[in-house]
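To keep things clear, I will list the structure first and then write my remarks on it.
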Amino acid sequence: MIDTAELVDNATGSQSRKVFWDKDVYQLELERIFSRCWLFLGHESSIPKPGDFLTTFMAEDRVILSHQADGSYKAFINSCTHRGNQVCHADSGNAKAFVCNYHGWVFGQDGALVDVPMEARCYHNNLEKSELGLKQVRVESYKGFIFGCHDPEAPPLQEYLGDFCWYLDTIWGGPDGGMELLGPPMKSLLSCNWKVPTENFVGDGYHVGWTHAAALQMIGGELAALSGNRADMPFDDLGLQFTTRHGHGFGVIDNAATAIHVNREGYQKFLEDNRGKVREELGPERERLYMGHWNSSIFPNCSFLYGTNTFKIWHPRGPHEIEVWTYTLVPRNADDETKRSIQREAIRSFGTAGTLESDDGENMSSATYVNQGRITRQGRLNSSMGVQREGPHPVYPGIVGVSFIGETSYRGFYRFWQEMLEAPDWAAVHANDDNWDEMWTNRNFWPDRMASNPDTPA
């Protein structure tokens, strides 16, 4: 029996080192997180025409995502219902049907079993094909981003995203036309637990100046001032951290959307041309977000950097390995050259061999494997930075931390991670909807801060 109270202590902001290496914890994650939460499958721009498909994963389960003739999207488990063979081996394409290369069973675009070789002779017309289609996955999309879920009791996708939609609407579907993904994804293996990169992307601004010091000095620009963890920056005035009901969160660095771009002219012009529309339609608070750089994660294993414009899926391959899929996130309405420029910069920084990607990979692997030691594993991980300097905000939904350097979003991620491991079903999760944020006890932090300093940025 796993003691989740020992794994996560929300009061002190700490976690057991078991969260990165324990095999029983990982199996419980597969059951209670990856089998019940909404997982990213693909973007509509990747499969624009009926018949288009791509293959992906939901944790360790192989999945086919297919664009249907009626314009909808369906997903199903990529495993033949005859003898379990993988049905589709292609990464993507356009197909009228999927044929298993083991015994030739044929499945339609919708996953239904439509043909069986020698059916009458071998099965004597006793085969119920209607009951042997590929196992269906719930599919819903938000602003063109398609997610899948195995649990019929899970809330709809938009409800699952919850207050995070308020933030996503700033960039995924805002007045500038929203975002799309450029693929196909780059793929690589990394020896680490899936939570290490997810928690890093959910809002770890603390590591940026140290881990990426050399790269930031080379790139120059706004973030170069962080290199070496320079202490002369007014951190509390240059960004915020956010966490929401279902563990989604991010940190934003103000006015840094294009900071890692060596060639930023086209992208910077696009943002400047559209910030007025964002302010007019969404308000100054979201204009601030629009012009900032985001470190963001959608629980459990989807992350993106807005500004750097990399989009990541951390597919688990056991407790100590992941398969990293990397897309480029670009404005839909930007011109082709601007999109290509953004993609070049994203690949240079966070591609498989990117200057910042390699910095992170080493740390993520180390954070996983060093914690297996017999003595080391008895220790605790600390995520207490910013405790009491966070709380409900008069404008921004969820819980808001005062600085982009903090661990508010960490604590939000692990609070929900623990909740999902403890909850036997989604009904038990919903029972906590009214009190999910009670662990953040400084309820007056933002009203008091704004009262004492009227110039505090919203």
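Points worth noting:
- Residue in the stretch 297-313 that is surrounded by fewer than 21 Cβ atoms within 10 Å (Cβ to Cβ), touching a residue at least 40 places away in the same chain (Cβ under 8 Å) and of a type outside the set (A, V, I, L, M, F, W, C) present: no
- Of the strands (runs of 3 or more DSSP E) lying entirely inside the stretch 244-352, the ones with 2 or more residues being more than 15 Å from the chain's Cα centre (by Cα) and not basic (Lys, Arg) are found at 249-253, 322-331.
- Residues that are touching a residue at least 24 places away in the same chain (Cβ under 8 Å), part of a helix (DSSP H, G or I) and over 22 Å from the mean Cα position of the chain (by Cα) were ranked within the stretch 6-22; the one that is farthest from Tyr369 (Cα to Cα) is Leu7.
- Condition check for Gly412: within 29 Å of Val324 (Cα to Cα) and small (Gly, Ala, Ser): yes
- Scanning the stretch 162-198 for residues that are of a type in the set (Ser, Thr, Tyr) and not in a helix (DSSP H, G or I) yields Ser188, Ser191.
- Filtered residues of the stretch 432-445 (kept if part of a loop (DSSP other than H, G, I, E, B), more than 25 Å from the chain's Cα centre (by Cα) and surrounded by 12 or more Cβ atoms within 10 Å (Cβ to Cβ)): Thr441, Asn442, Arg443
- Hits in the stretch 101-140 (condition: free of Cβ contacts under 8 Å to residues at least 60 places away in the same chain, part of a loop (DSSP other than H, G, I, E, B) and crowded, with 19+ Cβ neighbours inside 10 Å): Trp105, Gln109, Gly111
- The residue pairs whose first member lies in the stretch 264-280 and is farther than 17 Å from Gly178 by Cβ, whose second member is of a type in the set (S, T, N, Q) and part of a loop (DSSP other than H, G, I, E, B), and whose beta carbons are closer than 7 Å, counting only pairs six or more residues apart or on different chains, are Arg264/Thr258; Gln268/Thr258.
- A single entry from Leu356, Leu329 fulfils the requirement of being in the same structural domain as Met186 (by TED's automatic domain parsing), buried (at least 20 other Cβ atoms within 10 Å of the Cβ) and at pLDDT below 95: Leu356.
- Among all residues of the stretch 141-161, there is at least one that is farther than 27 Å from Pro319 by Cα and assigned to a helix (DSSP H, G or I).
- The number of residues in the stretch 403-431 that are in a loop (DSSP other than H, G, I, E, B) and either under 19 Å from Ser303 (Cα atoms) or free of Cβ contacts under 8 Å to residues at least 12 places away in the same chain (or both) comes to 6.
- The one condition from (1) surrounded by fewer than 15 Cβ atoms within 10 Å (Cβ to Cβ); (2) closer than 19 Å to Asn200 by Cα; (3) more than 22 Å from the chain's Cα centre (by Cα) that Val387 does not meet is (1).
The values are calculated or read from the model by the stated rules, or taken from the named source; none is laboratory data. Please read all numbers here as calculations on a predicted model, not as lab measurements. Note that each Cβ is placed from the backbone with ideal geometry, even for glycine, and that neighbours are counted across all protein chains shown.
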